[in-house]
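Asker: First the structure, then my questions, so here it is.
A short reminder: the numbers here are calculations on the coordinates, not readings from a lab. The shown structure was predicted, so the numbers you read here are calculated from the model rather than taken from an experiment. Note: ideal-geometry Cβ built from the backbone for every residue, glycine included; neighbour counts use all protein chains shown.
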Amino acid sequence: MKAGITRIKIPMIVFATLFMILTNFSTVTAKEEDPNVLVIYTTEDGEINDNQRYLDLLIGHFTQNIRFVSSDEVTKRDLRSVTHIFYYGQFATELPAKFETLFDEFEGTLVAVGYNAERLGDQFAFIEPNHEVTVDQISLANEEASLDISKLYVIEIQSSEDSEILIKGRMKNEDIDYPIMVKQDSNYYYAFDTLDSQQSILFAEMLHDVFQADHEHKYTGYIRLEDVHPLVDPKPLKEIASVLKEKDIPYMVAVIPIYTNESTGKRTTFADSPELIKVLKQIQRDGGSIVLHGYTHQFRSSETGEGFEFWDVENNSPIYAPEDVELNLKDEQEFSSRAEYDKYISELQEYEKEYTITKINKGIDELAKYGLYPLAFEAPHYTMSQYGYQLVSERFSTYVGQVQLSDKDWVIMDTSPYITSPSIYHGMQLLPETMGYVQPEDPHSIQKMIDSTKRIGMVRDGMFAAFYHPYLGAEGFKKLMVEIEKLENVSWIDLKEMDVWVKGDNVSIHTENGKIIKELNQLKVVYSSLDAPVYYIGQFFKYLAWIIVVIGGAAVSSFIFFTIQSNSRNKQVEG
């Protein structure tokens, strides 16, 4: 009988042990999953605008699982499986009655930004909004260092004694501190009703607390050599590359494959610049990474490097029609319903899609045919529609630069203080540019770039990223590097060491253990135009000529050698 009981106990013990292991494993896995974020927004027209998109940039540093829904449309069903809720009230208004109980069963983290927090239920009983006040300086509550900002309105609040002030603000010439960000348990309130890179730096830092993200206190950065096209002088580019190689600093080179003359329309390719190709290939081997910076960096009759390519500046709209077609863009008010307007925009986007995909594929092919393999994308002048970002995300894993946050005005753009993967990028990772560039007409340009790092440096894992135009010369670059090398605790990005991929129609690229792995349809890529075959034939005959010269030289040397030897022997015989 005891033996039978023992036989029963052993399987039960094994089962119980396995159950505990699997349960613990599931718990650990759940804990390690990315946060699932829901952003509920209240805007005057019910549409997402640049402020919500900037919040998207900040949240994307912590998770890619981000959804947006308007306060008019949100239901309790939207809260399922959500770990963090952000409510963004951009203007003061009455909220639907459902908000009185909407969050009653929610057990995650809740963050309110701007107006209407007092209407979100008991979770925000710890704050009482009053009127608006102005501030021009903000600081973390537990630190002395402060950040000067433009004079802005902020919602003045009274916070309960059991809450914690995380960020405070004031007017520099006054002694009154106002709570800017307040916390009670897992509920947070942020008193600004607008978000941008100037005043949201400390908010970006405090999001580490919101997401309980113990990120390392270490900065990342990159240096980008900008606007390298077929007519660029290879000499200063080579000198600058040598400086970076000597310092063992990886870097990026933003390359434009085709140069277009604005007066004649003539196109110049890298086939016309063999020395530049040689320099770029050496850069690619030595520590530089190629970034596709458009295909021609121009639209209509503009010059390469000066014009836009993925934004119609004349109409201040996405590129909805060929450059020789006059576009009369209609407003939503001209349609009887929103559905009709959406259909109209969708039809326009068909051209934008064809145009954008064609340009990107041609750009990838044009570089690949000369042995240059882009690892990231940068839109010319950082301008591109929201739909354009979606199209790029299907072909590039990585984007460098700043972000256009509006489809209504290209000027509305901004940058993130850290690496991020916002929902507007559809899985693509943004490596933001944060420092600007050297402007030769401004003698204080470099110092201004360095000063910008003080702001970004208030975020524990901020990004220090700048770009430089090689035509300014190696000496100017050396002056920039003297100051950049003074920055402490910076890890420089090497795209080859990251997990990046590029998927063109004819070319596929990815990185593996610091190497570039590529697959391409040689026939379609190399023979898409006569430029590359003519270039390679020319290179072949050039090398062949050198071989003939070497062989000829060797033959002449041998003849001279044997002649001397023969004469020497004859003299010995005669003697």
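Asker: I'd like the orientation of helix 50-59 relative to the chain: the angle between its Cα long axis and the longest Cα principal axis, in ° from 0 to 90, rounded to 10.
Answerer: Its long axis makes an angle of about 80 degrees.
Asker: To continue, here is another question. About the Cα centre of the chain, how large is the charge dipole given +1 on each Lys and Arg Cβ and -1 on each Asp and Glu Cβ? Please answer in debye to the nearest 20.
Answerer: Computed charge dipole of the chain: roughly 3760 debye.
Asker: Still on this model: Using θ = phi - 60° and the Karplus curve 6.51 cos²θ - 1.76 cosθ + 1.60, what whole-Hz ³J(HN,Hα) does each residue of the stretch 223-229 get, with Gly and Pro shown as x?
Answerer: With coefficients 6.51, -1.76 and 1.60, one gets 10, 10, 8, 9, 6, 8, 10 Hz.
Asker: For the charge dipole of the chain, defined by +1 on Lys and Arg C-beta atoms and -1 on Asp and Glu C-beta atoms about the Cα centroid, which residue among Val291, Val502, Leu372 has the Cα displaced farthest towards the positive pole?
Answerer: Leu372
Asker: Place +1 on the Cβ of every Lys and Arg and -1 on the Cβ of every Asp and Glu in the chain, take the dipole about the Cα centre, and give the residue among Phe103, Met171, Ala466 whose Cα lies farthest towards its positive end.
Answerer: Of the candidates, Ala466 comes out farthest on the positive side.
Asker: Compute the distance from the alpha-carbon center of the stretch 390-455 to that of the stretch 271-337, in whole Å.
Answerer: With the stretch 390-455 and the stretch 271-337 each reduced to a Cα centre, they are spaced 17 Å.
Asker: I've got another one for you. Cut-off under 17 Å on the C-alpha distance; same-chain residues fewer than 8 positions from Lys330 excluded. Which aspartates and glutamates are left, in chain and number order?
Answerer: Counting by Cα, and skipping residues close in sequence, Lys330 has these aspartates and glutamates nearby: Asp312, Glu314, Glu340, Asp342, Glu347, Glu350, Glu352, Asp407, Asp409.
Asker: Still on this model: Check which residues have an amide H placed less than 5 Å from Ser317's amide H, if you skip close sequence neighbours.
Answerer: Here the answer is Asp312, since their amide H atoms fall under 5 Å of that of Ser317.
Asker: Rank-order 71-78, 404-411 by packing density, defined as the average count of other C-beta atoms within 10 Å over each peptide's residues, highest first.
Answerer: 404-411, 71-78
Asker: Let me ask something else. Please list, in chain and number order, the residues 5+ apart from Met413 or on another chain whose amide H is under 5 Å from its amide H, with Hs placed from the backbone.
Answerer: Leu405
Asker: In degrees between 0 and 90, to the nearest 10, how far off the longest principal axis of the chain does helix 274-286 point, with axes built from Cα atoms?
Answerer: Once rounded, one gets 50 degrees.
Asker: Which is farthest toward the positive dipole end of the chain among Thr220, Asn65, Ile157, measuring Cα position about the Cα centre, with Cβ charges +1 (Lys, Arg) and -1 (Asp, Glu)?
Answerer: The residue sitting most towards the positive pole is Thr220.
Asker: Okay, moving on. Measure nothing fancy, just the Cα-based angle from helix 474-484's long axis to the longest principal axis of the chain, in degrees from 0 to 90, nearest 10.
Answerer: So the helix axis and the longest Cα principal axis differ by about 30 degrees.
Asker: Counting only helical runs of four or more DSSP H residues, what would the 222 nm mean residue ellipticity of the chain come to if each run contributes -39,500 (n - 2.57) and the total is spread over all its residues?
Answerer: Numbers: 11 runs with 189 residues, N = 575.
Estimated from H runs of four or more residues: -11000 deg cm²/dmol.
Asker: In addition: Using a 10 Å cut-off on Cβ atoms, rank the peptides 373-383, 208-218 from the highest mean neighbour count down.
Answerer: Result, highest mean Cβ count within 10 Å first: 373-383, 208-218.
Asker: Between (i) 0.96; (ii) 1.10; (iii) 1.18, which entry matches Rg/Rh (Cα atoms, Kirkwood Rh) as derived from the coordinates of this structure?
Answerer: (ii)
Asker: Using alpha carbons only, how many angstrom separate the centre of the stretch 138-196 from the centre of the stretch 214-240?
Answerer: The stretch 138-196 and the stretch 214-240 have Cα centres separated by 37 Å.
Asker: Lys pairs in the stretch 402-515, Cα-Cα under 21 Å, at least 8 apart or on separate chains: how many?
Answerer: Going through the stretch 402-515 pair by pair, I get 8.
Asker: Please report, in debye to the nearest 20, how large the charge dipole of the stretch 33-210 is about its Cα centre when each Lys and Arg carries +1 at its beta carbon and each Asp and Glu carries -1 there.
Answerer: 360
Asker: What is the packing order of peptides 189-195, 48-54, taking the mean over residues of other C-beta atoms within 10 Å and listing the highest first?
Answerer: 189-195, 48-54
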